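The values are calculated or read from the model by the stated rules, or taken from the named source; none is laboratory data. On a predicted model such as this, the values are computed, not experimentally measured, just so you know. Cβ: placed from backbone, ideal geometry, glycine included. Neighbour counts: every protein chain shown. In case anyone asks, the SASA skips ligands and DNA or RNA and just uses the protein heavy atoms, side chains included. Shrake-Rupley method; radii C 1.70, N 1.55, O 1.52, S 1.80 Å.
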Amino acid sequence: MDSLTQIVLGAACGEAALGKKIGNKALLFGAIGGTIPDLDVFVGNWLYGNEIDAMLFHRGFMHSILFSVLGALFFGWLFYKLYNTGKRKDTTNLKAWIWLFFLSLFTHPILDCFTPYGTQLFAPFSKYRVAFNNISVVDPIYTLPFLFSILVMMFYKRNSQNRALWLRLGIGVSSAYMLFTFGNKVYMDSIFRASLKQEGIAYQRYFTQPTIFNNVLWYGTVETETYYYVGYYSLLDNGNRYSDWTKIPKVRDLTADDFKRVERLAWFSNNYYSIYKMDNNLYKYNDLRYPLTNKNNPNSSVFSFVLFNDNGNLNMKPFQRSEDNVSETLTVLWERLKGKK
């Protein structure tokens with residue numbers, strides 16, 4: 001999920017592990033642990049000279065169970081050595097620091113697994129990307145009550161029972177909402193299947209996911225032999241069927257026969273993608289797991305980038321977000337979220 005949510009969850013893990021010993025400092029160290037896996041964005045750019053390879057490194061090994069274990073041992077030992085000096089000597093122990101970093105490192109990829117992007121939880125032993133698609137990468141209803149609880153908790157002394165109460169409240173409310181999103185996912189899938197049957201769409205596979213910032217408006221993508229179809233459904237709709245269908249041709253103007261990295265891009269998007277030929281030997285890659293910025297333009301995916309031949313290797317131009325398109329898309333999604341009469 002987004003960085004703020006991971007910081008809040010990491011801080012809660014720090015409190016659970018060392019809050020009674022070091023107070024609010026445990027929140028800081030937990031937040032650091034909760035941030036470390038997402039540093040793979042910078043590590044990928046450092047390791048690879050190719051933008052595609054750097055992007056694919058994100059949510060890879062540094063989001064795995066193995067990294068959580070190894071990282072807990074290393075960072076736990078490192079921060080214990082840095083903290084256990086002077087007046088603080090022997091106020092904490094190595095085991096507690098390892099536990100703090102294991103909790104904050106491990107809960108980060110677990111939380112990411114609930115989002116559509118996909119997380120290589122079992123790397124390097126498996127490239128399988130875990131994605132339950134039940135919550136958006138940014139969902140204020142999950143994050144804000146949790147954040148509020150952590151902020152209130154900071155005003156109590158480390159041994160106060162109220163501190164433990166607010167921690168349990170924050171974890172409890174966020175977990176209850178997460179359970180709701182799972183139930184909502186099951187409901188949305190059933191509505192999507194019924195909608196496909198009503199539309200007479202013979203499909204190979206499908207998936208559904210919530211749109212950004214909410215769990216009310218959902219987006220569904222279905223794959224047929226030659227097309228993708230996408231549609232929307234809001235819990236506030238009068239009917240109980242997906243609508244606003246858009247038909248998207250399954251375009252493959254580049255294949256793995258042209259560049260091996262096309263196969264990796266297909267894996268990245270779980271084969272929900274299109275590649276269109278542009279001018280000047282450029283190609284546009286659209287990840288169709290995400291909504292269109294313009295439902296009348298099948299080549300307007302929210303998550304897209306430009307591919308090019310880089311001295312015989314496929315590369316991509318740095319991702320650039322159009323603020324105008326984002327603003328317009330959010331406005332359209334907000335109007336659609338309010339329901340279709």
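Structure above, values below:
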read-out: Among 286, 100, 1 - extreme Cα towards positive end, dipole of the chain, charges at beta-carbon; value: 100
read-out: Translational diffusion coefficient (Stokes-Einstein; Kirkwood radius from C-alpha pairs) of the range 201-340 at 10 °C, 1.306 mPa s, in µm²/s; value: 99
read-out: Positive-end residue of 143, 326, 84, charge dipole of the chain with Cβ unit charges; value: 84
read-out: In Å², nearest 10: area of residue 173 left accessible to a 1.4 Å probe; value: 60
read-out: Label selected from (1) 39, 26, 15; (2) 32, 28, 15; (3) 29, 24, 19, the criterion being semi-axes √(5λ) of the Cα gyration tensor in Å as computed here; value: (1)
read-out: Value of Rg to Rh for the range 1-124 (Rh from inverse mean 1/r over Cα pairs, i.e. Kirkwood); value: 1.02
read-out: All lysines inside 22 Å of residue 260 as judged from Cα atoms, apart from same-chain residues fewer than 8 positions distant; value: 127, 250, 277, 284, 317
read-out: Lys, Arg +1 and Asp, Glu -1 on Cβ, resulting dipole of the chain about Cα centre, debye, nearest 20; value: 1340
read-out: Cα lying deepest toward the dipole's positive end in the chain, options 311, 274, 12, charges on Cβ; value: 12
read-out: Cα long-axis angle, helix 161-199 against the chain (0 to 90 degrees, to the nearest 10); value: 10
read-out: Using alpha-carbon coordinates, inclination of helix 323-337 to the longest axis of the chain, degrees; value: 90
